[in-house]
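**Q** I have a structure I would like to understand better, so I am pasting it below and will then ask my questions one at a time.
Every number here is computed from the coordinates shown, using simple stated rules; none is lab data. Everything numeric here is computed off the predicted structure, so don't read it as measured data. FYI the Cβ positions are ideal-geometry reconstructions off the backbone, even for glycines, and counts take in every protein chain you see.
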Ligand code: 13P
Ligand code: SF4
């Protein structure tokens, strides 16, 4: 009798598929993936793979971004309801209204947005390249709209000395992390370093030894001489950190930092996805065409 992992591997070969998983996915999903990474790394993998089918173990905007860049590939999201509440906090219509109020502004969108919103923006970024993009690509811009994450915008503003026209979006998972959680964990583990994702509140990032995208965090924990690390992001990332650094100890800063949407993908759903060719992600062609340019520029800025 074949077990579920063997079935997935067999079907994957038959369908010439690749499995991409975000750093927040369940441990068993990360373990069967061909590549585990952050939003930027996954987009780069999706764009460069020769596979015919991409099974995207992440959330909807990630699969949609992959499809826009590689329209000839079949992109599957194992659970069609795996969305991102932050991405849903701004619509294309709302961004058009904001643009109308600031006609001269350049528009920078976080990748955590729908294709419809990306179609309205000049540039797209992830948390890995937002600072570089503002410093290099947008250095001549007089006014910049940066949407939808108010906390990422605040972090990039601090790093670059620029101010932005912002939106009131935020990540509900990262917003659960509070400065008192950091203080408590630091008191419990005085030798530990604290790392945070820039989607955290400024009161939390200000307490961090390192602020980075999920891939940047994984790199940092490998490079730091510290052996104890307090992790200020979604708890799923600790699986990969432990695997890559078995001699180090990781403490989640808050057990509440769980993204329910990232946890929707299970091994069963990955198997069904390959078996039944579901759930195909296919944004409307005209929107995809308009969103393409901003994504292309995003892929060129790698940390
Ligand atoms: P990264 O691009 O850093 O992986 O972040 C994606 C995300 O959704 C964080 O909440
Ligand atoms: Fe969206 Fe936050 Fe989940 Fe990332 S962790 S997918 S930003 S809700």
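**Q** Between residue 280 and residue 188, take the C-beta separation as r, use R0 = 30 Å, and let me know the FRET efficiency to the nearest 0.05. Intermediate values should be presented prior to the final figure.
**A** On the way: r = 46 Å, r/R0 = 1.55.
Using R0 = 30 Å, I get an efficiency of 0.05.
**Q** Quick check on the chain: take the gyration tensor over C-alpha atoms, sort the square-rooted eigenvalues as a ≥ b ≥ c, and tell me if it's rounded (a/c under 1.5), prolate or oblate.
**A** Here the chain falls in the oblate category.
**Q** Same structure again: When the helices in the chain are scored as -39500 (n - 2.57) per DSSP H run of 4 or longer and the sum is shared across all residues, what 222 nm value do you end up with, to the nearest 500 deg cm²/dmol?
**A** Using -39500 (n - 2.57) per qualifying helix, the result is -11500 deg cm²/dmol.
**Q** Would you mind putting 234-241, 188-195, 135-142, 14-21 in packing order, based on average other-beta-carbon counts within 10 Å, highest first?
**A** Ranking the peptides 234-241, 188-195, 135-142, 14-21 by packing returns 234-241, 14-21, 188-195, 135-142.
**Q** I want to make sure I understand the PRE zone here: with the label point 7 angstrom from the Cα of residue 48 toward its beta carbon, which residues in region 281-303 have backbone N atoms less than 18 Å away?
**A** Only 295-303 fall inside the zone, counting backbone N under 18 Å.
**Q** A further question follows. Using 0.36 nm per residue, how much length does the chain from residue 159 to residue 258 gain when fully extended, once their Cα-Cα distance is taken away?
**A** On the way: separation 99, 0.36 × 99 = 35.64 nm, distance 2.71 nm.
Fully extending the segment from residue 159 to residue 258 adds 32.9 nm.
**Q** Out of all DSSP beta bridges in the chain, what portion is antiparallel? Express it as a percent rounded to 5.
**A** About 5 percent, rounded to the nearest 5.
**Q** Turning to a different aspect of this structure: Distance between the C-alpha centers of region 168-198 and region 8-72? Whole Å please.
**A** About 29 Å separates the Cα centre of region 168-198 from the one of region 8-72.
**Q** With the chain treated as a Gaussian network of Cα nodes joined by springs under 10 Å, which of 209, 31, 181 yields the largest mean-square fluctuation?
**A** In this elastic network of the chain, the residue with the biggest mean-square fluctuation among 209, 31, 181 is 209.
**Q** Could you work out the relative contact order of the chain, using alpha carbon pairs under 8 angstrom and six or more residues apart, expressed as a whole percent?
**A** 25
**Q** Which shape class, rounded, prolate or oblate, goes with region 171-270 when its Cα gyration tensor gives a ≥ b ≥ c as root eigenvalues, a/c under 1.5 marks rounded, and past that a/b bigger than b/c marks prolate?
**A** The shape class here is oblate.
**Q** Here is a further query. Would you work out the relative contact order for region 15-65, in percent, from Cα pairs under 8 angstrom that are 6 or more residues apart?
**A** It comes to 46 percent, rounded to a whole number.
**Q** Once you put a point 7 Å from the Cα of residue 135 and another 7 Å from the Cα of residue 97, both along the Cβ direction, what distance in nm separates them?
**A** 3.6
**Q** Mind running the shape call on region 1-97? Use the C-alpha gyration tensor, a ≥ b ≥ c as the square roots of the eigenvalues: rounded below 1.5 for a/c, prolate if a/b tops b/c, oblate otherwise.
**A** In terms of gyration-tensor shape, prolate.
**Q** Give me the one-decimal nm value for the distance between modelled label points at residue 178 and residue 219, 7 Å along each residue's Cα-to-Cβ direction.
**A** Inter-label distance under the simple model: 3.4 nm.
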